[in-house]
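Inspection log for the structure reproduced underneath, given as structure tokens.
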Amino acid sequence: EAAKAYLKEHKDAVETSTKIGSLLFELLEVPEGGIKFEDAVVIAKSIGSQTGIRPAFSLAILWQETRIGKMQGGCYLRNTETGEGVFIKTGNKAPKTMNPTRDVPLFTNLVGALNQAGALKTDSFHTPVSCCMVSNGSYFGWGGAMGPAQFIASTWALYADEIAQKTGSLANPWNVRDAFMANGLYLRDLGAGAQTYATEMKAALRYFGCSTSWCQKNYGNPV
């Protein structure tokens with residue numbers, strides 16, 4: 001009976017591993033089908049060795065944020081003075097798409113620099129970013145998060161130089177490896193390097209920017 005149970009568990013584990021291994025993550029910087037799960041693991045392990053963050057935790061954050069790049073934002077910025085935008089799918093007005101004083105100038109400068117370097121082919125008004133949150137019909141906070149790791153422009157600016165030093169090129173939030181690096185550096189600074197349940201949960205909620213019981217249930221626990 002023990003042998004049968006072991007064989008069944010082994011079979012289930014292999015099947016699960018095969019399903020996970022077949023997942024493709026449609027990342028902007030990786031054409032024709034995306035990046036394989038095993039390749040994402042290799043990147044996460046490499047970044048983890050440099051930042052002290054568990055690869056599984058890093059991947060879980062990136063999965064919760066954007067399905068590791070598959071969903072990188074549902075809004076376009078439209079008004080640089082007010083921060084208003086539009087929902088990409090409908091074209092309807094999207095309030096509070098990006099903080100106009102904190103993030104818009106940094107965002108437009110970054111997009112311009114990446115275009116000049118040949119690393120991006122969209123302008124500031126056609127680059128997907130996250131929409132702001134909606135609860136019971138009310139909009140709160142600001143959207144504007146960029147790329148697989150979902151960094152707002154002002155937070156990205158804090159890590160851009162360190163990322164560039166490590167990669168040797170202009171930091172690009174839409175580049176998968178740069179996004180992984182930013183994720184690892186930020187989680188390091190949020191205390192996740194201690195690699196305990198408590199410190200990782202706290203870091204996950206701070207990454208999300210919310211510490212309520214709802215956020216723990218719908219963001220922290222899934223991570």
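Collect the residues in region 188-214 that are hydroxyl-bearing (Ser, Thr, Tyr) and within 16 Å of the chain's Cα centre (by Cα), keeping them in residue-number order.
In the first step, residues of region 188-214 are kept if they are hydroxyl-bearing (Ser, Thr, Tyr); the result is 196-197, 199, 207, 211-213.
Across region 188-214, the qualifying residue is only Tyr207.
Considering Gly73, Gly144, the condition of being in contact with a Cys (Cβ under 9 Å, 6 or more places away or on another chain), part of a loop (DSSP other than H, G, I, E, B) and open to solvent by less than 10 Å² (accessible area, probe 1.4 Å) is satisfied by Gly144 alone.
Within region 78-109, restricting attention to residues that are assigned to a loop (DSSP other than H, G, I, E, B) and of a type in the set (A, V, I, L, M, F, W, C), which residue is modelled with the lowest pLDDT? Spell out the reasoning first.
Pass one, region 78-109, residues assigned to a loop (DSSP other than H, G, I, E, B): 78-84, 88-92, 95-103.
Add one more test, that the residue is of a type in the set (A, V, I, L, M, F, W, C), and what stays is 88, 98.
Working: Ile88: 95, Met98: 98.
If we take residues in region 78-109 being assigned to a loop (DSSP other than H, G, I, E, B) and of a type in the set (A, V, I, L, M, F, W, C), then Ile88 is modelled with the lowest pLDDT.
Residues are listed down the side, and each one gets a yes or a no for (1) more than 17 Å from Tyr186 (Cβ to Cβ); (2) open to solvent by less than 50 Å² (accessible area, probe 1.4 Å); (3) aromatic (Phe, Trp, Tyr):
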{"residue": "Arg54", "(1), (2), (3)": "no, no, no"}
{"residue": "Ala60", "(1), (2), (3)": "no, yes, no"}
{"residue": "Thr90", "(1), (2), (3)": "yes, no, no"}
{"residue": "Gly112", "(1), (2), (3)": "yes, yes, no"}
{"residue": "Asn115", "(1), (2), (3)": "yes, no, no"}
{"residue": "Pro128", "(1), (2), (3)": "yes, yes, no"}
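Within region 27-52, restricting attention to residues that are surrounded by fewer than 16 Cβ atoms within 10 Å (Cβ to Cβ) and in a loop (DSSP other than H, G, I, E, B), which residue is modelled with the highest pLDDT? Per the criteria, the residue is Gly52.
Could you tell me which of the residues Ser154, Ser169 is surrounded by fewer than 17 Cβ atoms within 10 Å (Cβ to Cβ) and either in contact (Cβ under 8 Å) with a residue 60 or more places away in the chain or in a loop (DSSP other than H, G, I, E, B) (or both)?
On the way: Ser154 fails: either in contact (Cβ under 8 Å) with a residue 60 or more places away in the chain or in a loop (DSSP other than H, G, I, E, B) (or both).
The match here is Ser169.
The values are calculated or read from the model by the stated rules, or taken from the named source; none is laboratory data. A quick note: this is a predicted structure, and the numbers were derived from the prediction, not measured. Note that each Cβ is placed from the backbone with ideal geometry, even for glycine, and that neighbours are counted across all protein chains shown. Note: areas computed on protein heavy atoms with side chains; ligands, DNA, RNA excluded. Shrake-Rupley method; radii C 1.70, N 1.55, O 1.52, S 1.80 Å.
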